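A short worksheet on the structure shown next.
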Amino acid sequence: MTTLKELKKLIFSLKIRRKKSERNNTTTTIHLHGSNGFYIGLKLIFWRKRRRVFSFISAISGCLLLLLFSSVYFPPPTANNLFLPRHSSVRHVVNVREALEYNFEAMFQVPASGGNLGRDLWSWSQSTFYYGCSNASKTFQTANRKKLPDRYLLIATSGGLNQQRTGIIDAVVAAYILNATLVIPRLDQQSYWKDTSCFAEIFDVNWFISYLSRDVEIIKELPPKGGKAWIPRTIRVPRKCDPTCYETRVLPVLNRTQAVELTKFDYRLSNRLDTELQKLRCRVNYHALRFTDPILKMGKLLVERMKMKAKYFIALHLRFEPDMLAFSGCYYGGGDKERAELGAIRKRWKTLHASNPEKVRRNGKCPLTPEEVGLMLRALGFGSDVHIYVASGRMAALDYIVCDETDVFVANNNGNMARMLAGRRRYFGHKPTIRPNARKLYKLFLDRNNMTWEEFSSRVRTYQIGFMGEPNEMKPGKGEFHENPDSCLCQARGIETIEEKNRKDAVEMSDEYQSIEDPDWIDVDYLYKIEEFMSD
């Protein structure tokens, strides 16, 4: 191809020849005209070449301008235009980097309506096919045939109201095992809660005695011995003591002294007993232990007021309190002040070793923060129009009533109140009880700003399978009995609650749940390994 430089040389030589041609004859003039034509042709070729070059340069410049324009006005292929700010003029256009940063923040937008659980949020469709069944069989010996004369068992409970409730329940069973007359239990008035109430001020004592009269003889106080006050022998049994343990440790003392008081009586009876004794536990818990009329009246008033606000409501046992947070060993980002305050509270439990907060949280043993609870509920489908009763304070009896009557109960930990209510709600119709799958949700909460709300809510619903209080959600014998009273749950014949595969998945998911023990469970004298209580 002829270059521009060669063309210029050729034109210059033609100009020289033209000057020489002017001096020649007519014949030469004719040749000049021919050369002029050739000169003009070459000049045209030159300009065509130059035009092509300019066109090529213009094309390149246009491409560069187009790329620059697209980089400013359009996101890269990995970004989503839906999350970038939309502006009507060039003045409001942000640069690419700022747009991408905004994109990551805008992806996780919590809607007011929440997610879609795919079913009725407030009840289980087949829960009516399950019912509580705690009546004694014909082979169960009654009190008048079994009790030994002049054998009295006294109980000193321990902890908060719900922990003491477990002691009262087990005291009845212990009296039945020992063939003894039970004296109305003495409530703990020296615990962390400093509640000075006695048994008769909280529970209907006459109903308690009469309802259990066929099972165990119960009296209000220890009778005098020989006209004098009777001082019983005080002993303590190990935690989770089975019937054989009571027969070997307590019965010989009881036969010798005739009156024994078991102190610090909380969870002093084995979780696994034969069916008849488990049913006795249920009769005490779900029927005999009834609050006094003034407490029942106030509790029902609170429920009615919640129902006036909306047809359905949630009761949330948040349990995000200093003593709970201190015992859990978790850290919530409050800096040195938080560590100092919770560290001071932790000194209550002298045997509580230092923990690794991150490890505890990874294992699902930290209560969710209020924000995390809200995100979980919204993802499950509860919108901003739902009313929530927050159970937290010293009015434990009132909280118990409202949480029992609520349409959906949400427990933020697996302590005493949460367990007792979970079992009660199973016994009376499998009302929805939500327990956070904290182990799985922990990672999801950390990662939530890197995903859309739709992805987040979908994962929450998946992780919560087996943690929603559905029938057959827990394996028989799994967990603490008061939480899963399987011996006292009956099913209508020929009814299957959910498909076998779904039930298996739910059970497997539920088995991963690891509870946070309530601090009131701690017994310094019999706490050999704190790890046993953290994973029990």
Taking Cα atoms of region 143-290, Rg/Rh with Kirkwood Rh, to two decimals?
-> 0.93
Starting from one equal scatterer on each C-alpha and no solvent at all, send me the Debye-based log10 I(q)/I(0) for region 274-326 at q = 0.16 Å⁻¹, two decimals.
-> -0.85
Å² per residue, accessible surface of region 143-290 at 1.4 Å | 43 Å²
How far is it, in nm, from the label point at Q141 to the one at I231 when both lie 7 Å from their Cα along the line to the Cβ?
-> 3.3 nm
In terms of the alpha carbon gyration tensor, root eigenvalues a ≥ b ≥ c, rounded if a/c is under 1.5 and otherwise prolate when a/b exceeds b/c or oblate, region 321-452 is oblate
I345-N255 pseudo-label distance in nm [points 7 Å out on the Cα-to-Cβ vector] = 4.8 nm
Please go through the residue pairs K240/K475; K350/K475; K359/K431; K279/K300; K240/K359; K194/K309 and name each one whose alpha carbons sit more than 24 Å apart in this structure.
-> K350/K475; K359/K431; K279/K300; K240/K359; K194/K309
Rounded to the nearest 0.05, what FRET efficiency is calculated for A112 and K337 with R0 set to 35 Å and r the Cβ-Cβ distance?
-> 0.50
Please list 294-306, 432-444, 264-276 highest first by mean number of surrounding beta-carbon atoms within 10 Å per residue.
-> 432-444, 264-276, 294-306
Classify region 318-368 as rounded, prolate or oblate from the Cα gyration tensor: take a ≥ b ≥ c as the square roots of its eigenvalues, call it rounded if a/c is under 1.5, otherwise prolate when a/b beats b/c and oblate if not.
-> rounded
Provide the net charge surrounding E455, with neighbours chosen by a C-beta distance below 13 Å and charges set as Lys +1, Arg +1, Asp -1, Glu -1.
-> +1
Protein accessible area in region 143-290, 1.4 Å probe - carbon and sulfur % | 49 percent
Determine one quarter of the surface area of the Cα convex hull of region 380-504, which equals its mean projected area, and express it in nm² to one decimal.
-> 9.5 nm²
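The values are calculated or read from the model by the stated rules, or taken from the named source; none is laboratory data. All figures in this text were calculated on a predicted structure; none of them were measured in a lab. Neighbour counts are summed over all protein chains in view; Cβ atoms, including those assigned to glycine, are modelled from backbone coordinates with ideal geometry. The protein model used for the area step is the full one, side chains on, heavy atoms only, and it has no ligands, DNA or RNA in it. Shrake-Rupley method; radii C 1.70, N 1.55, O 1.52, S 1.80 Å.
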